Every structure is written in structure tokens, then in C-alpha cells.
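Report on the following structure.
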């Protein structure tokens with residue numbers, strides 16, 4: 001099995017500083033994909049940039065916590081506040097999404113609205129994932145699989161990070177969390193395969209979210225396994241709360257610098273690796289089966 005690598009920028013559309021970093025990193029050739037927040041403040045700017053970046057594969061970064069809704073408050077009062085903002089309290093929201101039938105109907109309506117907003121951009125849909133990996137929630141995943149199939153979405157991220165990466169930096173909470181989530185991650189992969197939705201084998205970016213600098217990326221590439229690996233980052237030309245109040249410790253600019261690193265470019269070039277987006281991998285699979 002060949003090694004295949006996807007390098008993704010999340011939160012595309014959150015801020016123009018994010019969009020600028022995505023554009024520059026895409027032109028530099030290391031960044032291959034971006035996940036778009038369709039209702040974020042700088043989403044229109046992100047779409048304009050994506051249209052002039054033919055090699056950038058763009059997916060939907062579904063926001064169901066800590067972000068902006070697509071539907072007005074009156075249609076989803078159980079999800080968004082009067083300003084259209086969805087709060088960051090994921091445990092509380094997860095319980096409501098699971099236990100309340102009216103809120104679940106609002107949840108599905110919002111998910112469909114975000115898919116529709118992405119479709120209106122005219123960009124090909126490369127992949128789906130969720131802000132803060134909220135698609136791990138069983139209720140969200142069930143709705144998302146159904147809507148994805150109806151909309152013809154072909155690939156979804158599974159947030160399955162190898163234990164060694166979190167343990168390497170002493171991020172034991174993340175490492176232990178991954179072990180505890182193992183049965184659900186395996187079930188998630190099974191549900192996606194049963195639905196005919198392609199997924200990655202592993203991801204890097206959870207334990208070091210906001211600090212995926214050159215050192216971290218080179219360490220991943222040095223141990224890059226066979227199969228499909230996605231590395232995701234949060235690049236921007238400025239850092240921390242200048243991008244979002246909920247990210248005060250994020251080193252966005254360091255992650256951006258890593259995506260421009262000549263050392264990283266050389267490391268990728270030295271590997272026998274296919275480098276692109278989910279749609280590129282699916283295209284290669286189709287060719288190999290033809």
C-alpha cells in the first residue's frame with residue numbers, strides 16, 4: 001500500500017488572516033486542501049481566493065459548536081443564539097443533540113443549510129469534517145452520513161491520531177483519549193465504509209492543535225506510514241486571539257511558516273508519497289481499479 005498524504009488547513013473563512021495564509025501556502029505547494037466554514041465572517045473572501053487556486057481542494061468544515069450558523073435564530077432556537085452564534089459548550093450541546101427530538105430536527109436543518117451554502121459557492125466538494133471534530137458525536141454522525149450521501153459527498157475525515165504522536169510531546173490526555181475512543185473510531189470507520197464514504201486511515205493535529213510547527217511536521221514525515229494520512233493545521237499570518245477569541249494560545253503564524261518551509265518541502269519530495277486532496281486520492285484509486 002502506497003503512502004498518501006493530505007495537508008489541510010482548517011477554519012478557512014474564519015478570518016482574512018487565515019485566508020491569506022491558505023492562499024500563500026497553497027501556492028507554495030505543501031498545503032493541498034482547506035476546510036471552509038461557510039458562515040464565518042471571511043467566508044466570501046475565502047471562496048474568492050479558492051476560485052483562483054486550482055490546485056487547492058476545498059471541503060466543508062461543518063460548524064455545530066463555537067461558530068456561526070447558516071440558518072437564522074428563529075429556525076434553530078435550540079442551537080444558535082439571537083445573533084446566530086453557536087456556543088462552544090460541547091458537552092451541553094452534545095447532550096441536547098442526543099436527547100431532544102426538536103433540537104435534532106433543527107440540527108439536521110442546520111447541517112443541510114451548511115451543505116447548501118457550500119454548494120452555492122460552486123466549488124467542488126473535496127471532503128467533510130466538523131469543527132472541533134464534533135462529527136464524532138453519534139447523533140451528528142448519523143445525520144451527517146445521511147445528508148452526505150444525498151449530496152454526493154465522497155470523503156470524510158476520521159480524527160484517529162496515532163498514540164505515539166501525542167505521547168511524544170507528553171500530551172497524555174490526548175493520547176489516553178484516543179485509546180478510550182478506539183472502539184468508537186473503529187465503528188465510525190465501519191459506518192463510513194458501509195455508507196460508501198471514503199476516509200483517511202489516520203490524522204495528525206489533535207494533540208498539537210495550534211502548535212503544528214516545522215518540528216512537528218518533520219517528525220510526522222519521518223514516521224509517515226503507508227495508507228492515507230491527513231495532517232491538519234490552523235495557519236494564519238497572525239496568531240492567537242487576533243484570529244479568534246477562543247484561540248488565545250494558538251501559534252497560527254508558526255504553523256503558516258511551517259507550510260512555507262524549504263525543509264518540509266524537501267522532506268515531502270524525498271518520500272514516495274502521493275500528495276493531494278481526498279478527491280485526488282479517490283481519482284487515483286479509480287485509475288488503479290480501471
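Things to note:
- A count restricted to region 212-237 and to residues that are without any contact (Cβ under 8 Å) to a residue 60 or more places away in the chain and under 16 Å from the mean Cα position of the chain (by Cα) stands at 1.
- Of the strands (runs of 3 or more DSSP E) lying entirely inside region 21-134, none contains at least 1 residues that are over 15 Å from the mean Cα position of the chain (by Cα), surrounded by fewer than 19 Cβ atoms within 10 Å (Cβ to Cβ) and touching a residue at least 40 places away in the same chain (Cβ under 8 Å).
- Selection status of residue 9, without any contact (Cβ under 8 Å) to a residue 40 or more places away in the chain, touching a helix residue (DSSP H, G or I) at 6+ places or on another chain (Cβ under 9 Å), surrounded by 22 or more Cβ atoms within 10 Å (Cβ to Cβ) and not in a helix (DSSP H, G or I): no
- Number of residues in region 193-219 that are in a helix (DSSP H, G or I) and buried (at least 20 other Cβ atoms within 10 Å of the Cβ) equals 2.
- Test: residue in region 178-188 that is within 24 Å of residue 249 (Cβ to Cβ) and either surrounded by fewer than 19 Cβ atoms within 10 Å (Cβ to Cβ) or in contact with a strand residue (DSSP E or B) (Cβ under 9 Å, 6 or more places away or on another chain) (or both): yes
- Any chance residue 253 is part of a helix (DSSP H, G or I) and either crowded, with 18+ Cβ neighbours inside 10 Å or touching a residue at least 60 places away in the same chain (Cβ under 8 Å) (or both): yes
- On the stretch given as region 262-282, residues that are assigned to a helix (DSSP H, G or I) and over 17 Å from the mean Cα position of the chain (by Cα) total 10.
- Scanning region 135-159 for residues that are surrounded by fewer than 20 Cβ atoms within 10 Å (Cβ to Cβ), modelled with pLDDT under 95 and not in a helix (DSSP H, G or I) yields a single hit, 152.
- Of the criteria (1) out of contact with any helix residue (DSSP H, G or I) (no Cβ under 6 Å at 6 or more places or on another chain); (2) in a loop (DSSP other than H, G, I, E, B); (3) within 22 Å of residue 128 (Cβ to Cβ), which one residue 235 fails: (1)
- Scanning region 238-250 for residues that are in contact (Cβ under 8 Å) with a residue 40 or more places away in the chain and assigned to a loop (DSSP other than H, G, I, E, B) returns 238, 243, 244, 246, 250.
The values are calculated or read from the model by the stated rules, or taken from the named source; none is laboratory data. These numbers come from a predicted model, not from an experiment. Cβ sites come from the backbone with ideal geometry, for glycine too, and all protein chains shown count toward neighbours.
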